[in-house]
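One structure is given below, encoded as structure tokens.
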Amino acid sequence: MPSIIQSLLSATWFGYLARIVLTFMFWGSGLAKLIDFNGGMNEMAHFGLQPAALFNIATAATQLIGSALIIFNKWTWLGAGALAVFTALTIPLAHPFWTMQEPMRTMEFHVVTEHISVIGALMVVAYAALRKS
């Protein structure tokens, strides 16, 4: 491996940046659900989650706390696990492509494959955190 790449990958700031970027979809969504609380409640209600306020708070808390645990590399396994389970649960709740007609079926199928890849990335970050300790 070239020394410049090794230096970059070994830098503490790079680890923080990588974990911030990895969790962006979660902490961005969690902040949005708190900033636009009514919008978050409408999203929960759209997916049949009642009481919508409680589900909005629980979702935002899971996304923000899980992200923080990963970003600060403390109990990374717990943050990654919580976000992986959350992501897996969104598949049947928000992306049931198998119940849809084309072209939505294919579009939602691709969203699901992306969700599975994100779950894999969360598994990798938990694995890497364990190996580094």
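Only the coordinates and a few stated rules stand behind these numbers; no lab work does. Every value quoted in this text rests on a predicted model; they were computed, and no experiment measured them. Here the Cβ is made from the backbone with ideal geometry for all residues, glycine too, and neighbour counts use every protein chain on show.
Residue by residue through the range 1-45, note down the ones that are of a type in the set (G, A, S), part of a helix (DSSP H, G or I) and either farther than 24 Å from V118 by Cα or free of Cβ contacts under 8 Å to residues at least 40 places away in the same chain (or both).
Selection gives S3, S7, S10, A18, G28, S29, G30, A32, G39, G40, A45.
Tell me which residues, restricted to the range 69-121, are of a type in the set (F, W, Y), surrounded by 15 or more Cβ atoms within 10 Å (Cβ to Cβ) and not in a helix (DSSP H, G or I).
Within the range 69-121, W75 is the sole residue that qualifies.
For A45, indicate whether it is farther than 30 Å from I5 by Cβ, surrounded by fewer than 16 Cβ atoms within 10 Å (Cβ to Cβ) and either over 11 Å from the mean Cα position of the chain (by Cα) or of a type in the set (S, T, N, Q) (or both).
Yes; evaluated as a whole, the condition is true for this residue.
Here is a check on your reading of the model: is L64 surrounded by 15 or more Cβ atoms within 10 Å (Cβ to Cβ) and not in a helix (DSSP H, G or I)?
no
So which residues in the range 57-94 are of a type in the set (S, T, N, Q) and touching a His at 6+ places or on another chain (Cβ under 7 Å)?
Hits for the range 57-94 are T87, T90.
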